[in-house]
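**Q** Before I ask anything, let me first share the structure, which is written out below as C-alpha coordinates.
The values are calculated or read from the model by the stated rules, or taken from the named source; none is laboratory data. Because the structure is predicted, anything quoted here is derived from the model rather than measured. Counting neighbours? That spans all protein chains shown, and the Cβs are built from the backbone with ideal geometry, glycine included.
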Amino acid sequence: MFRKLIKDEIAKIVPLGTNFSVEVPEISEHGDYSSNIALVLAKKEGKNPRDVAEDLKNKLLSSLRAKWEKIEIAGLGFLNFFIAPSALTASFQGILKNPKIKRWVENPKPQKINLEFVSANPTGPLTMANGRGGFYGDVLANVLVETGHNVVREYYINDAGNQIKLLGESISASEGKISEKEEYYKGEYIKDLKDKTPEEAVKVLLSKIKKSLNNVGIKFDVWFSENENLHKKNELQKTFDFLKKKGVLEEKDGAVWLAEHVLIKSDKTPTYFLADLAYHYDKFIKRNFDLAINIWGADHHGYVERMKKGVESLGVNPEKLKIILMQLVKLISGGQEVRMSKRTGEFVTMDELSEMVGVDAARWFFLERTPNTQMEFDLDLAKERSKKNPVYYVQYAHARACSVARSVPFFFLGADLSLLKEKEELKLIKKIIQFYELIEDVAESFQVHTLTHYVYELAQIYTSFYENHQIILEDKKLSRARAELNKSAKITINYVLKLLGIKSPEKM
(Lines give C-alpha, C1' and ligand atoms only; values in the text may rest on other atoms or scores of the structure.)
Protein backbone atom coordinates (compact mmCIF):
# COMPACT_ATOMS: atom_id res chain seq x y z
CA MET A 1 0.00 0.00 0.00
CA PHE A 2 0.98 3.67 0.10
CA ARG A 3 2.99 3.61 3.30
CA LYS A 4 5.14 0.77 1.97
CA LEU A 5 5.50 2.62 -1.31
CA ILE A 6 6.84 5.69 0.52
CA LYS A 7 9.20 3.61 2.67
CA ASP A 8 10.56 1.70 -0.33
CA GLU A 9 11.19 4.85 -2.38
CA ILE A 10 12.87 6.67 0.52
CA ALA A 11 15.05 3.61 1.18
CA LYS A 12 16.37 3.83 -2.38
CA ILE A 13 17.77 7.33 -1.87
CA VAL A 14 19.03 7.33 1.74
CA PRO A 15 21.95 5.45 3.33
CA LEU A 16 21.33 1.75 4.01
CA GLY A 17 20.02 1.05 7.49
CA THR A 18 18.58 4.53 8.11
CA ASN A 19 15.70 4.30 10.58
CA PHE A 20 12.76 6.60 9.89
CA SER A 21 8.99 6.59 10.30
CA VAL A 22 6.05 6.97 7.95
CA GLU A 23 2.82 7.62 9.83
CA VAL A 24 -0.76 8.72 9.22
CA PRO A 25 -1.09 12.25 10.68
CA GLU A 26 -3.81 12.81 13.26
CA ILE A 27 -4.88 15.97 11.40
CA SER A 28 -5.88 15.31 7.77
CA GLU A 29 -4.70 18.77 6.68
CA HIS A 30 -1.16 17.53 7.37
CA GLY A 31 -1.45 15.02 4.55
CA ASP A 32 -2.29 11.37 4.14
CA TYR A 33 1.15 10.28 5.36
CA SER A 34 4.02 12.06 7.05
CA SER A 35 7.70 11.11 7.41
CA ASN A 36 10.51 12.32 9.67
CA ILE A 37 13.24 11.15 7.27
CA ALA A 38 14.61 14.66 6.62
CA LEU A 39 15.06 15.29 10.35
CA VAL A 40 16.85 11.95 10.76
CA LEU A 41 19.26 12.64 7.88
CA ALA A 42 19.84 16.27 8.88
CA LYS A 43 20.88 15.21 12.38
CA LYS A 44 23.34 12.65 10.99
CA GLU A 45 24.81 14.98 8.38
CA GLY A 46 24.71 18.24 10.35
CA LYS A 47 22.49 19.96 7.80
CA ASN A 48 19.37 22.12 7.87
CA PRO A 49 16.35 19.73 8.01
CA ARG A 50 14.26 21.85 5.63
CA ASP A 51 17.08 21.88 3.04
CA VAL A 52 17.31 18.08 3.30
CA ALA A 53 13.51 17.85 3.05
CA GLU A 54 13.48 20.00 -0.11
CA ASP A 55 16.03 17.73 -1.77
CA LEU A 56 14.11 14.59 -0.80
CA LYS A 57 10.83 16.10 -1.93
CA ASN A 58 12.18 16.78 -5.44
CA LYS A 59 13.64 13.29 -5.75
CA LEU A 60 10.45 11.60 -4.56
CA LEU A 61 8.24 13.69 -6.84
CA SER A 62 10.49 12.76 -9.75
CA SER A 63 10.14 9.02 -9.11
CA LEU A 64 6.54 8.94 -7.87
CA ARG A 65 4.84 11.95 -9.43
CA ALA A 66 1.79 9.96 -10.57
CA LYS A 67 1.15 8.79 -7.00
CA TRP A 68 1.11 12.15 -5.23
CA GLU A 69 -1.07 15.16 -5.63
CA LYS A 70 1.65 17.04 -3.76
CA ILE A 71 4.38 16.66 -1.15
CA GLU A 72 4.71 19.47 1.38
CA ILE A 73 7.42 20.39 3.85
CA ALA A 74 6.04 21.20 7.28
CA GLY A 75 7.41 22.34 10.63
CA LEU A 76 11.09 21.61 11.20
CA GLY A 77 11.27 19.46 8.10
CA PHE A 78 8.54 16.81 8.03
CA LEU A 79 7.53 15.55 4.60
CA ASN A 80 3.75 15.40 4.19
CA PHE A 81 2.39 13.27 1.34
CA PHE A 82 -0.99 13.85 -0.31
CA ILE A 83 -2.23 10.95 -2.44
CA ALA A 84 -3.39 11.75 -5.96
CA PRO A 85 -7.10 10.81 -6.36
CA SER A 86 -6.32 8.74 -9.46
CA ALA A 87 -3.72 6.70 -7.55
CA LEU A 88 -6.12 6.31 -4.64
CA THR A 89 -8.96 4.92 -6.73
CA ALA A 90 -6.58 2.65 -8.66
CA SER A 91 -5.35 1.07 -5.41
CA PHE A 92 -8.90 0.82 -4.15
CA GLN A 93 -9.88 -1.03 -7.31
CA GLY A 94 -7.29 -3.70 -6.45
CA ILE A 95 -8.71 -4.11 -2.96
CA LEU A 96 -12.23 -4.52 -4.33
CA LYS A 97 -11.04 -7.41 -6.47
CA ASN A 98 -9.52 -9.24 -3.50
CA PRO A 99 -10.03 -7.75 0.00
CA LYS A 100 -8.40 -10.64 1.89
CA ILE A 101 -5.66 -9.56 4.29
CA LYS A 102 -3.14 -12.13 3.07
CA ARG A 103 -3.30 -10.58 -0.40
CA TRP A 104 -2.05 -7.22 0.86
CA VAL A 105 0.03 -7.89 3.99
CA GLU A 106 3.55 -9.10 3.40
CA ASN A 107 4.86 -11.75 5.79
CA PRO A 108 8.21 -12.95 4.48
CA LYS A 109 8.84 -15.14 7.53
CA PRO A 110 5.77 -16.75 9.12
CA GLN A 111 6.49 -17.85 12.68
CA LYS A 112 5.40 -20.72 14.88
CA ILE A 113 3.97 -18.86 17.88
CA ASN A 114 2.83 -20.05 21.30
CA LEU A 115 0.28 -17.62 22.70
CA GLU A 116 -0.49 -18.28 26.36
CA PHE A 117 -3.28 -16.27 27.94
CA VAL A 118 -5.90 -16.29 30.71
CA SER A 119 -4.21 -19.18 32.61
CA ALA A 120 -6.18 -18.33 35.76
CA ASN A 121 -5.60 -20.69 38.67
CA PRO A 122 -8.38 -23.34 38.83
CA THR A 123 -9.31 -22.21 42.34
CA GLY A 124 -12.48 -20.31 41.49
CA PRO A 125 -14.65 -18.96 38.68
CA LEU A 126 -13.21 -16.61 36.08
CA THR A 127 -13.74 -13.03 37.17
CA MET A 128 -14.48 -10.13 34.83
CA ALA A 129 -10.82 -9.13 35.20
CA ASN A 130 -9.84 -12.37 33.44
CA GLY A 131 -11.85 -11.15 30.47
CA ARG A 132 -9.37 -8.39 29.73
CA GLY A 133 -6.45 -10.71 29.01
CA GLY A 134 -8.78 -13.35 27.58
CA PHE A 135 -10.26 -11.14 24.88
CA TYR A 136 -6.91 -9.52 24.19
CA GLY A 137 -5.21 -12.88 23.62
CA ASP A 138 -8.09 -14.14 21.51
CA VAL A 139 -7.98 -11.14 19.16
CA LEU A 140 -4.18 -11.11 18.98
CA ALA A 141 -4.30 -14.76 17.92
CA ASN A 142 -6.87 -13.89 15.24
CA VAL A 143 -4.62 -11.14 13.85
CA LEU A 144 -1.47 -13.28 13.88
CA VAL A 145 -3.23 -16.15 12.11
CA GLU A 146 -4.76 -13.78 9.56
CA THR A 147 -1.32 -12.36 8.76
CA GLY A 148 0.12 -15.79 8.07
CA HIS A 149 1.56 -17.06 11.37
CA ASN A 150 1.05 -20.52 12.86
CA VAL A 151 -0.44 -19.83 16.30
CA VAL A 152 -1.09 -22.25 19.17
CA ARG A 153 -3.51 -20.83 21.75
CA GLU A 154 -2.55 -22.23 25.13
CA TYR A 155 -3.97 -22.20 28.66
CA TYR A 156 -1.49 -23.06 31.41
CA ILE A 157 -3.30 -24.87 34.22
CA ASN A 158 -1.63 -24.14 37.57
CA ASP A 159 -2.92 -27.36 39.15
CA ALA A 160 0.05 -28.01 41.41
CA GLY A 161 1.53 -26.19 44.37
CA ASN A 162 0.37 -24.14 47.29
CA GLN A 163 -2.78 -22.67 45.71
CA ILE A 164 -4.23 -26.19 45.27
CA LYS A 165 -3.37 -27.06 48.87
CA LEU A 166 -5.06 -23.79 49.89
CA LEU A 167 -8.15 -24.70 47.88
CA GLY A 168 -8.45 -28.01 49.73
CA GLU A 169 -8.10 -26.28 53.10
CA SER A 170 -10.67 -23.66 52.06
CA ILE A 171 -13.18 -26.42 51.33
CA SER A 172 -12.47 -28.07 54.68
CA ALA A 173 -12.88 -24.73 56.49
CA SER A 174 -16.24 -24.13 54.79
CA GLU A 175 -17.36 -27.54 56.10
CA GLY A 176 -16.25 -26.63 59.62
CA LYS A 177 -13.56 -29.30 59.68
CA ILE A 178 -10.75 -26.80 60.29
CA SER A 179 -10.60 -23.17 61.44
CA GLU A 180 -11.04 -20.36 58.94
CA LYS A 181 -7.99 -18.33 57.89
CA GLU A 182 -7.81 -14.98 56.18
CA GLU A 183 -5.95 -16.39 53.17
CA TYR A 184 -8.59 -19.06 52.42
CA TYR A 185 -10.82 -18.77 49.36
CA LYS A 186 -14.38 -17.83 50.21
CA GLY A 187 -17.71 -17.50 48.49
CA GLU A 188 -20.67 -19.68 47.57
CA TYR A 189 -18.65 -21.59 44.99
CA ILE A 190 -16.47 -23.02 47.80
CA LYS A 191 -19.56 -24.35 49.58
CA ASP A 192 -20.62 -26.04 46.34
CA LEU A 193 -17.37 -28.07 46.45
CA LYS A 194 -18.37 -29.85 49.66
CA ASP A 195 -16.74 -33.27 50.17
CA LYS A 196 -14.46 -32.77 47.16
CA THR A 197 -10.74 -33.50 47.31
CA PRO A 198 -8.50 -30.72 45.96
CA GLU A 199 -7.99 -32.73 42.75
CA GLU A 200 -11.74 -33.26 42.32
CA ALA A 201 -12.40 -29.58 43.03
CA VAL A 202 -9.87 -28.56 40.37
CA LYS A 203 -11.67 -30.73 37.79
CA VAL A 204 -15.03 -29.15 38.66
CA LEU A 205 -13.68 -25.59 38.57
CA LEU A 206 -11.69 -26.18 35.38
CA SER A 207 -14.82 -27.53 33.68
CA LYS A 208 -16.66 -24.33 34.65
CA ILE A 209 -13.74 -22.20 33.42
CA LYS A 210 -13.86 -23.94 30.03
CA LYS A 211 -17.61 -23.39 29.82
CA SER A 212 -17.26 -19.70 30.71
CA LEU A 213 -14.60 -19.20 28.04
CA ASN A 214 -16.67 -21.02 25.46
CA ASN A 215 -19.65 -18.78 26.28
CA VAL A 216 -17.66 -15.68 25.29
CA GLY A 217 -16.07 -17.25 22.22
CA ILE A 218 -12.57 -17.92 23.59
CA LYS A 219 -11.11 -21.26 22.56
CA PHE A 220 -7.76 -22.92 23.19
CA ASP A 221 -5.78 -25.46 21.20
CA VAL A 222 -3.82 -26.71 24.22
CA TRP A 223 -4.71 -27.03 27.91
CA PHE A 224 -1.30 -27.52 29.48
CA SER A 225 -1.48 -29.05 32.95
CA GLU A 226 1.42 -28.20 35.25
CA ASN A 227 0.76 -31.34 37.27
CA GLU A 228 0.29 -33.78 34.38
CA ASN A 229 2.81 -32.35 31.90
CA LEU A 230 5.58 -31.20 34.23
CA HIS A 231 5.47 -32.76 37.72
CA LYS A 232 4.31 -36.28 36.83
CA LYS A 233 6.73 -36.45 33.89
CA ASN A 234 9.64 -35.32 36.08
CA GLU A 235 10.25 -32.32 33.79
CA LEU A 236 11.39 -30.09 36.67
CA GLN A 237 14.25 -32.47 37.43
CA LYS A 238 15.15 -32.74 33.74
CA THR A 239 15.25 -28.96 33.41
CA PHE A 240 17.31 -28.69 36.60
CA ASP A 241 19.79 -31.25 35.26
CA PHE A 242 19.96 -29.39 31.94
CA LEU A 243 20.84 -26.12 33.71
CA LYS A 244 23.30 -27.86 36.02
CA LYS A 245 25.10 -29.36 33.04
CA LYS A 246 25.39 -25.88 31.53
CA GLY A 247 27.17 -24.76 34.70
CA VAL A 248 24.83 -21.85 35.45
CA LEU A 249 23.66 -22.98 38.92
CA GLU A 250 25.16 -22.14 42.29
CA GLU A 251 24.69 -23.75 45.71
CA LYS A 252 24.62 -21.48 48.75
CA ASP A 253 22.82 -21.37 52.10
CA GLY A 254 21.62 -24.91 51.50
CA ALA A 255 19.66 -23.86 48.38
CA VAL A 256 20.35 -23.95 44.64
CA TRP A 257 20.32 -20.63 42.81
CA LEU A 258 20.16 -19.42 39.22
CA ALA A 259 21.79 -16.00 39.43
CA GLU A 260 19.95 -14.22 42.29
CA HIS A 261 16.87 -16.48 42.21
CA VAL A 262 16.26 -19.75 44.07
CA LEU A 263 15.39 -22.88 42.09
CA ILE A 264 15.59 -25.44 44.90
CA LYS A 265 14.89 -24.29 48.44
CA SER A 266 16.92 -25.41 51.45
CA ASP A 267 14.20 -27.97 52.28
CA LYS A 268 14.87 -29.48 48.81
CA THR A 269 11.48 -28.45 47.35
CA PRO A 270 11.40 -26.73 43.93
CA THR A 271 10.23 -23.16 43.52
CA TYR A 272 7.64 -21.85 41.08
CA PHE A 273 10.52 -20.39 39.08
CA LEU A 274 11.87 -23.86 38.32
CA ALA A 275 8.40 -24.99 37.24
CA ASP A 276 8.13 -21.95 34.95
CA LEU A 277 11.55 -22.67 33.48
CA ALA A 278 10.50 -26.27 32.84
CA TYR A 279 7.37 -24.97 31.12
CA HIS A 280 9.41 -22.67 28.86
CA TYR A 281 11.95 -25.42 28.21
CA ASP A 282 8.96 -27.37 26.91
CA LYS A 283 7.87 -24.42 24.72
CA PHE A 284 11.18 -23.47 23.19
CA ILE A 285 13.29 -26.61 23.20
CA LYS A 286 10.84 -29.52 23.12
CA ARG A 287 8.11 -27.93 20.98
CA ASN A 288 10.44 -25.57 19.14
CA PHE A 289 8.33 -22.39 19.03
CA ASP A 290 9.91 -19.41 17.28
CA LEU A 291 8.12 -17.02 19.61
CA ALA A 292 6.27 -17.33 22.92
CA ILE A 293 3.84 -14.60 23.93
CA ASN A 294 2.65 -14.65 27.54
CA ILE A 295 -0.24 -12.43 28.61
CA TRP A 296 -0.03 -11.94 32.37
CA GLY A 297 -1.73 -9.85 35.01
CA ALA A 298 -0.16 -6.67 36.36
CA ASP A 299 0.84 -8.46 39.56
CA HIS A 300 3.57 -10.27 37.57
CA HIS A 301 5.44 -7.04 36.83
CA GLY A 302 8.44 -7.95 38.97
CA TYR A 303 8.67 -11.41 37.39
CA VAL A 304 9.22 -10.33 33.79
CA GLU A 305 12.99 -9.78 33.88
CA ARG A 306 13.51 -12.91 35.97
CA MET A 307 11.67 -14.97 33.38
CA LYS A 308 13.58 -13.45 30.47
CA LYS A 309 16.92 -14.13 32.19
CA GLY A 310 15.74 -17.64 32.98
CA VAL A 311 14.91 -18.29 29.34
CA GLU A 312 18.33 -16.96 28.37
CA SER A 313 19.93 -19.43 30.80
CA LEU A 314 18.21 -22.19 28.81
CA GLY A 315 20.14 -21.02 25.76
CA VAL A 316 17.15 -19.26 24.19
CA ASN A 317 17.29 -15.69 22.89
CA PRO A 318 15.21 -13.74 25.48
CA GLU A 319 13.77 -11.67 22.63
CA LYS A 320 11.82 -14.78 21.65
CA LEU A 321 9.79 -14.39 24.84
CA LYS A 322 7.29 -11.52 24.74
CA ILE A 323 5.40 -10.75 27.94
CA ILE A 324 2.36 -8.47 27.88
CA LEU A 325 1.04 -7.25 31.22
CA MET A 326 -2.64 -6.46 31.58
CA GLN A 327 -3.28 -3.69 34.06
CA LEU A 328 -6.08 -3.70 36.61
CA VAL A 329 -9.78 -3.29 35.86
CA LYS A 330 -12.30 -1.35 37.89
CA LEU A 331 -15.99 -2.01 37.38
CA ILE A 332 -17.97 1.23 37.64
CA SER A 333 -21.73 1.28 38.12
CA GLY A 334 -23.75 4.35 39.04
CA GLY A 335 -20.52 6.27 39.39
CA GLN A 336 -19.28 3.91 42.11
CA GLU A 337 -16.64 1.19 42.00
CA VAL A 338 -17.85 -2.38 42.43
CA ARG A 339 -15.13 -4.07 44.46
CA MET A 340 -13.94 -7.57 43.66
CA SER A 341 -11.94 -10.17 45.56
CA LYS A 342 -11.86 -13.89 44.84
CA ARG A 343 -10.87 -14.70 48.41
CA THR A 344 -13.70 -12.78 50.11
CA GLY A 345 -16.19 -14.01 47.54
CA GLU A 346 -17.04 -10.46 46.48
CA PHE A 347 -16.45 -10.52 42.74
CA VAL A 348 -18.26 -10.24 39.44
CA THR A 349 -17.66 -13.29 37.27
CA MET A 350 -17.02 -13.16 33.55
CA ASP A 351 -20.32 -14.99 33.06
CA GLU A 352 -22.21 -12.37 35.06
CA LEU A 353 -20.62 -9.51 33.16
CA SER A 354 -21.41 -10.98 29.74
CA GLU A 355 -25.00 -11.61 30.86
CA MET A 356 -25.35 -8.00 32.05
CA VAL A 357 -23.90 -6.24 29.01
CA GLY A 358 -23.67 -8.91 26.32
CA VAL A 359 -20.53 -10.55 24.91
CA ASP A 360 -20.06 -7.93 22.17
CA ALA A 361 -20.03 -5.00 24.60
CA ALA A 362 -17.82 -6.88 27.05
CA ARG A 363 -15.29 -7.58 24.33
CA TRP A 364 -15.34 -4.02 22.97
CA PHE A 365 -14.93 -2.25 26.31
CA PHE A 366 -12.00 -4.44 27.32
CA LEU A 367 -10.34 -4.25 23.92
CA GLU A 368 -10.52 -0.49 23.41
CA ARG A 369 -7.87 0.22 26.07
CA THR A 370 -4.14 -0.35 25.73
CA PRO A 371 -3.06 -3.14 28.11
CA ASN A 372 -0.52 -0.99 29.96
CA THR A 373 -3.16 1.35 31.38
CA GLN A 374 -5.61 0.73 34.19
CA MET A 375 -9.19 0.89 32.99
CA GLU A 376 -12.64 1.59 34.31
CA PHE A 377 -15.35 -0.60 32.82
CA ASP A 378 -18.43 1.62 32.57
CA LEU A 379 -21.23 -0.86 33.19
CA ASP A 380 -23.98 1.68 32.48
CA LEU A 381 -22.55 2.73 29.10
CA ALA A 382 -21.90 -0.88 28.11
CA LYS A 383 -25.59 -1.65 28.68
CA GLU A 384 -26.66 1.33 26.58
CA ARG A 385 -28.40 0.40 23.32
CA SER A 386 -27.78 3.71 21.57
CA LYS A 387 -25.14 5.47 19.52
CA LYS A 388 -23.47 6.58 22.76
CA ASN A 389 -22.23 3.01 23.04
CA PRO A 390 -19.31 2.67 20.58
CA VAL A 391 -19.86 -1.00 19.76
CA TYR A 392 -23.54 -0.34 19.07
CA TYR A 393 -22.56 2.62 16.86
CA VAL A 394 -20.19 0.48 14.77
CA GLN A 395 -22.68 -2.37 14.46
CA TYR A 396 -25.37 0.09 13.40
CA ALA A 397 -23.08 1.44 10.67
CA HIS A 398 -22.58 -2.11 9.40
CA ALA A 399 -26.32 -2.80 9.45
CA ARG A 400 -26.92 0.43 7.54
CA ALA A 401 -24.35 -0.54 4.89
CA CYS A 402 -26.05 -3.94 4.59
CA SER A 403 -29.43 -2.23 4.14
CA VAL A 404 -28.02 -0.07 1.35
CA ALA A 405 -26.45 -3.11 -0.32
CA ARG A 406 -29.80 -4.92 -0.28
CA SER A 407 -31.49 -1.98 -1.97
CA VAL A 408 -28.97 -1.70 -4.79
CA PRO A 409 -30.29 -3.21 -8.06
CA PHE A 410 -28.51 -6.37 -9.14
CA PHE A 411 -27.27 -4.76 -12.36
CA PHE A 412 -24.99 -2.42 -10.38
CA LEU A 413 -21.97 -4.58 -11.07
CA GLY A 414 -18.57 -3.13 -11.97
CA ALA A 415 -17.82 0.52 -11.47
CA ASP A 416 -15.74 3.47 -12.65
CA LEU A 417 -14.20 4.45 -9.34
CA SER A 418 -12.59 7.57 -10.81
CA LEU A 419 -16.05 9.14 -10.46
CA LEU A 420 -15.60 9.15 -6.67
CA LYS A 421 -14.25 12.65 -6.12
CA GLU A 422 -16.21 14.08 -3.17
CA LYS A 423 -14.22 14.61 0.04
CA GLU A 424 -16.38 12.13 1.99
CA GLU A 425 -15.86 9.51 -0.71
CA LEU A 426 -12.09 9.94 -0.85
CA LYS A 427 -11.82 10.02 2.94
CA LEU A 428 -13.71 6.72 3.16
CA ILE A 429 -11.48 5.12 0.51
CA LYS A 430 -8.34 6.23 2.38
CA LYS A 431 -9.65 4.81 5.63
CA ILE A 432 -10.45 1.45 4.06
CA ILE A 433 -6.96 1.24 2.55
CA GLN A 434 -5.37 2.06 5.93
CA PHE A 435 -6.87 -1.12 7.39
CA TYR A 436 -4.31 -3.25 5.57
CA GLU A 437 -1.47 -1.15 6.95
CA LEU A 438 -2.94 -1.21 10.45
CA ILE A 439 -3.29 -4.98 10.56
CA GLU A 440 0.40 -5.29 9.67
CA ASP A 441 1.24 -2.94 12.57
CA VAL A 442 -0.87 -4.92 15.04
CA ALA A 443 0.84 -8.18 14.02
CA GLU A 444 4.19 -6.55 14.89
CA SER A 445 3.28 -4.41 17.91
CA PHE A 446 0.51 -6.61 19.43
CA GLN A 447 -1.50 -3.43 20.15
CA VAL A 448 -4.94 -4.85 19.38
CA HIS A 449 -6.76 -1.87 20.93
CA THR A 450 -5.97 0.09 17.76
CA LEU A 451 -8.48 -2.08 15.90
CA THR A 452 -11.39 -0.73 17.95
CA HIS A 453 -10.22 2.85 17.39
CA TYR A 454 -9.88 2.22 13.66
CA VAL A 455 -13.28 0.62 13.12
CA TYR A 456 -15.03 3.29 15.17
CA GLU A 457 -13.43 6.00 13.00
CA LEU A 458 -14.33 4.00 9.89
CA ALA A 459 -17.97 3.85 11.04
CA GLN A 460 -17.95 7.62 11.58
CA ILE A 461 -16.50 8.29 8.12
CA TYR A 462 -18.96 5.87 6.52
CA THR A 463 -21.87 7.55 8.31
CA SER A 464 -20.72 10.95 7.01
CA PHE A 465 -20.55 9.54 3.48
CA TYR A 466 -24.01 7.99 3.82
CA GLU A 467 -25.60 11.16 5.22
CA ASN A 468 -24.06 13.49 2.64
CA HIS A 469 -24.39 11.50 -0.58
CA GLN A 470 -27.26 9.62 -2.15
CA ILE A 471 -26.19 6.27 -3.49
CA ILE A 472 -29.01 5.29 -5.84
CA LEU A 473 -29.18 8.01 -8.50
CA GLU A 474 -30.36 8.48 -12.05
CA ASP A 475 -26.67 8.67 -12.92
CA LYS A 476 -26.13 4.92 -13.09
CA LYS A 477 -22.34 5.15 -13.41
CA LEU A 478 -21.97 7.20 -10.24
CA SER A 479 -24.47 4.93 -8.49
CA ARG A 480 -22.37 1.92 -9.35
CA ALA A 481 -19.24 3.58 -7.99
CA ARG A 482 -20.92 4.60 -4.73
CA ALA A 483 -22.51 1.18 -4.37
CA GLU A 484 -19.06 -0.40 -4.64
CA LEU A 485 -17.73 2.00 -2.00
CA ASN A 486 -20.65 1.13 0.29
CA LYS A 487 -19.98 -2.58 -0.21
CA SER A 488 -16.29 -2.17 0.58
CA ALA A 489 -17.08 -0.24 3.77
CA LYS A 490 -19.48 -3.04 4.79
CA ILE A 491 -16.86 -5.72 4.10
CA THR A 492 -14.14 -3.85 6.02
CA ILE A 493 -16.29 -3.18 9.09
CA ASN A 494 -17.32 -6.84 9.08
CA TYR A 495 -13.67 -7.91 8.71
CA VAL A 496 -12.54 -5.90 11.74
CA LEU A 497 -15.48 -6.96 13.91
CA LYS A 498 -14.79 -10.58 13.02
CA LEU A 499 -11.17 -10.18 14.17
CA LEU A 500 -12.48 -8.63 17.39
CA GLY A 501 -14.87 -11.54 17.90
CA ILE A 502 -17.86 -9.17 17.75
CA LYS A 503 -21.02 -9.84 15.74
CA SER A 504 -21.77 -7.88 12.55
CA PRO A 505 -25.58 -7.68 12.47
CA GLU A 506 -27.17 -7.08 9.07
CA LYS A 507 -30.30 -5.60 10.60
CA MET A 508 -30.81 -3.53 13.75
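**Q** Does region 472-482 contain any residue that is among the β-branched types (Val, Ile, Thr), more than 30 Å from residue 107 (Cα to Cα) and either part of a helix (DSSP H, G or I) or touching a Lys or Arg at 6+ places or on another chain (Cβ under 7 Å) (or both)?
**A** First pass over region 472-482, keeping only residues among the β-branched types (Val, Ile, Thr): 472.
Then drop every residue that is not more than 30 Å from residue 107 (Cα to Cα), which leaves 472.
Still in the list and also either part of a helix (DSSP H, G or I) or touching a Lys or Arg at 6+ places or on another chain (Cβ under 7 Å) (or both): none.
So far as region 472-482 goes, no, none of its residues is among the β-branched types (Val, Ile, Thr), more than 30 Å from residue 107 (Cα to Cα) and either part of a helix (DSSP H, G or I) or touching a Lys or Arg at 6+ places or on another chain (Cβ under 7 Å) (or both).
**Q** In region 483-508, what residues are of a type in the set (S, T, N, Q) and assigned to a helix (DSSP H, G or I)? Give the steps one after another, and end with the answer.
**A** Taking region 483-508 and keeping what is of a type in the set (S, T, N, Q), we get 486, 488, 492, 494, 504.
Within region 483-508, 486, 488, 492, 494 qualify.
**Q** Another one. Any idea how many residues of region 151-181 are outside any helix (DSSP H, G or I), without any contact (Cβ under 8 Å) to a residue 24 or more places away in the chain and either of a type in the set (Asp, Glu) or surrounded by 13 or more Cβ atoms within 10 Å (Cβ to Cβ) (or both)?
**A** Pass one, region 151-181, residues outside any helix (DSSP H, G or I): 151-161, 175-181.
Subsequent filtering for residues that are without any contact (Cβ under 8 Å) to a residue 24 or more places away in the chain retains 175-181.
If we keep only those that are either of a type in the set (Asp, Glu) or surrounded by 13 or more Cβ atoms within 10 Å (Cβ to Cβ) (or both) as well, we get 175, 178, 180.
The qualifying residues number 3.
**Q** Still on this structure, please answer the following. Can you tell me which residues in region 443-460 are β-branched (Val, Ile, Thr) and either closer than 15 Å to residue 395 by Cβ or surrounded by fewer than 22 Cβ atoms within 10 Å (Cβ to Cβ) (or both)?
**A** Of everything in region 443-460, those that are β-branched (Val, Ile, Thr) and either closer than 15 Å to residue 395 by Cβ or surrounded by fewer than 22 Cβ atoms within 10 Å (Cβ to Cβ) (or both) turn out to be 450, 452, 455.
**Q** Of the residues 292, 298, which is touching a residue at least 24 places away in the same chain (Cβ under 8 Å), within 30 Å of residue 229 (Cβ to Cβ) and touching a Lys or Arg at 6+ places or on another chain (Cβ under 6 Å)?
**A** Step by step, each of 292, 298 is checked, and only 292 is touching a residue at least 24 places away in the same chain (Cβ under 8 Å), within 30 Å of residue 229 (Cβ to Cβ) and touching a Lys or Arg at 6+ places or on another chain (Cβ under 6 Å).
**Q** May I pose another question? Given the conditions (1) in a helix (DSSP H, G or I); (2) at pLDDT below 90, report the number of the one that residue 16 does not fulfil.
**A** (1)
Quick grid of which residues meet (1) of a type in the set (Lys, Arg); (2) surrounded by fewer than 12 Cβ atoms within 10 Å (Cβ to Cβ); (3) closer than 23 Å to residue 351 by Cβ; (4) in contact with a helix residue (DSSP H, G or I) (Cβ under 9 Å, 6 or more places away or on another chain):
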{"residue": "200", "(1), (2), (3), (4)": "no, no, yes, no"}
{"residue": "204", "(1), (2), (3), (4)": "no, no, yes, no"}
{"residue": "210", "(1), (2), (3), (4)": "yes, no, yes, no"}
{"residue": "213", "(1), (2), (3), (4)": "no, no, yes, yes"}
{"residue": "228", "(1), (2), (3), (4)": "no, no, no, no"}
{"residue": "232", "(1), (2), (3), (4)": "yes, yes, no, no"}
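**Q** In the list 64, 56, 88, which residue meets the criterion of being in the same structural domain as residue 20 (by TED's automatic domain parsing), under 30 Å from residue 425 (Cα atoms), part of a helix (DSSP H, G or I) and not aromatic (Phe, Trp, Tyr)?
**A** None of the other options fit; the residue is 64.
Matching residues to (1) touching a strand residue (DSSP E or B) at 6+ places or on another chain (Cβ under 7 Å); (2) over 22 Å from residue 162 (Cα atoms); (3) modelled with pLDDT of 95 or more:
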{"site": "239", "(1), (2), (3)": "no, no, yes"}
{"site": "247", "(1), (2), (3)": "no, yes, yes"}
{"site": "270", "(1), (2), (3)": "yes, no, yes"}
{"site": "282", "(1), (2), (3)": "no, yes, yes"}
{"site": "290", "(1), (2), (3)": "yes, yes, yes"}
{"site": "293", "(1), (2), (3)": "yes, yes, yes"}
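**Q** Spot the failing condition for residue 437; the list is (1) among the charged types (D, E, K, R); (2) within 23 Å of residue 22 (Cα to Cα); (3) surrounded by fewer than 17 Cβ atoms within 10 Å (Cβ to Cβ), and only one is missed.
**A** (3)
**Q** When region 485-508 is examined, which residues are found to be under 16 Å from residue 136 (Cβ atoms) and either over 24 Å from the mean Cα position of the chain (by Cα) or β-branched (Val, Ile, Thr) (or both)?
**A** The answer is 496, 502.
**Q** Which is in contact with an Asp or Glu (Cβ under 6 Å, 6 or more places away or on another chain) and either of a type in the set (Gly, Ala, Ser) or at positive phi (or both), of 87, 141, 160?
**A** Of the residues listed, the single one that is in contact with an Asp or Glu (Cβ under 6 Å, 6 or more places away or on another chain) and either of a type in the set (Gly, Ala, Ser) or at positive phi (or both) is 160.
**Q** Further, regarding this structure: Quick one: residue 245 ticks every box in (1) outside the structural domain of residue 130 (by TED's automatic domain parsing); (2) surrounded by 13 or more Cβ atoms within 10 Å (Cβ to Cβ) except a single one, so which number is it?
**A** So residue 245 meets the others, but not (2).
**Q** Right, something else. In region 333-364, which residue that is aliphatic (A, V, I, L, M) and modelled with pLDDT under 90 is surrounded by the most Cβ atoms within 10 Å (Cβ to Cβ)?
**A** 348
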